Amino acid sequence: RPLFANIATMNASQAVRTVAFHPNGEAFVVGSNSRVLRICSAELLHANGEFDPNVPPPEPRVFFFRERHHRGSIYCANWNRSGELLATGSNDKSVKLLRFDNNDFIPAGSVQDFNFHDGTVRDVTFDTDHSSFLISGGGGDCAINIIDCGSEQLLTSLKGHSAHVLALYSWGYQKLISGSTDGVVCMWDINSGKCAKTFKLSDSPVKQGITSLCVNHSNNLAAMGREDGVCVLYDIKADKILHTFHPHNEDCRSLRFSPDSRYLLSASYDGTLILTDMNGYENSYPSFVVGQHADKALKVSWHPEQYAFVSSSADGEASLWKLLTV
């Protein structure tokens, strides 16, 4: 079974809601309730030597630090495919955009503000086909907004959810999947602005909100997490649920496939980070606890190429993890 070591930990004064690896794998962004935005180095992934679990992990080097980046807590952050754009969202209802030159982790130019939401911005992503198209969703009118970062114009608002949009994931050719506390998953065609399909993950009269989702790198399998800790694997092409399992005792707040799609990593309010092996057989997918936080685990993000990831928690930590053995 995989064994991961916590090789670096950044400590914040308040809950760390979001983390995301840069596409080149050399840095990761950290956003917290304290309104501070950091870009931290992942250079410790290259360090050699024995790992000592009895020694507290060091803090990563910080490339960039900005206080009061938002007027409220930083709820979400994401890079575009090239790593030249970084978007953040907040309960101040705004989306902010930073631009970067090449692989320099110091922003170039001023911060751009987009104020098209009337509620908390819960997630941001970029279209995989048009990497300047910024996609954001959240509370208020529960619309999903698509902004052209070149013209700085709102292109369209996708409306199909009746409650807070908590999770967005762009995949394939102008495809988007969204999940909401209304218990509905929507699959969108970004080009047409239409919802191609909606479905629920449970027939129970007790509504279970969708708190996280992602799509594997072959674009044929979606994973979705619910607020009861259940995860659902959905075959996109066959249009059917493949498997339902219960890795967590509380909200499954973040899901991501490893770079080779072999593993599904999940983070939960129960504080655990769990790895599920997608090479299961006979409808069995073994799961392992690979990390633990002292408080709610809120976000995970894989390194783009390695078996390494970063996690964040309400305990005020953003932790960098590296594979020791398989």
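The values are calculated or read from the model by the stated rules, or taken from the named source; none is laboratory data. Predicted model only: the values in this text are computed from it and were never measured. Note that we place each Cβ from the backbone using ideal geometry, even for glycine, and neighbour counts take in every protein chain shown.
Filtering segment 239-272 to residues that are surrounded by 18 or more Cβ atoms within 10 Å (Cβ to Cβ), more than 12 Å from Gly229 (Cα to Cα) and of a type in the set (A, V, I, L, M, F, W, C) leaves Phe257, Leu264, Leu265.
Tell me which residues, restricted to segment 1-58, are among the charged types (D, E, K, R) and surrounded by 20 or more Cβ atoms within 10 Å (Cβ to Cβ). Those that are among the charged types (D, E, K, R) and surrounded by 20 or more Cβ atoms within 10 Å (Cβ to Cβ): Arg17, Arg38. Of everything in segment 73-105 that's buried (at least 22 other Cβ atoms within 10 Å of the Cβ) and hydroxyl-bearing (Ser, Thr, Tyr), which residue is nearest to Ala314 (Cα to Cα)? Selected residue: Tyr75.
On the stretch given as segment 291-312, residues that are under 16 Å from Lys322 (Cα atoms) and outside any strand (DSSP E or B) total 6.
A residue that is in a loop (DSSP other than H, G, I, E, B), among the polar types (S, T, N, Q), modelled with pLDDT under 95 and on the phi > 0 side of the Ramachandran plot can be found somewhere in segment 280-290. All conditions but one from (1) under 21 Å from Leu242 (Cα atoms); (2) crowded, with 20+ Cβ neighbours inside 10 Å; (3) of a type in the set (Phe, Trp, Tyr) apply to Phe114; the one that does not is (1). Restricted to segment 172-184, and to residues there that are surrounded by fewer than 22 Cβ atoms within 10 Å (Cβ to Cβ) and under 15 Å from Tyr234 (Cβ atoms), the residue that is modelled with the lowest pLDDT is Gly172.
Of the strands (runs of 3 or more DSSP E) lying entirely inside segment 59-159, those containing at least 1 residues that are of a type outside the set (Ser, Thr, Tyr), in contact with a Cys (Cβ under 8 Å, 6 or more places away or on another chain) and touching a residue at least 24 places away in the same chain (Cβ under 8 Å) span 62-66, 85-90, 95-99, 112-114, 121-126, 133-138, 153-158.
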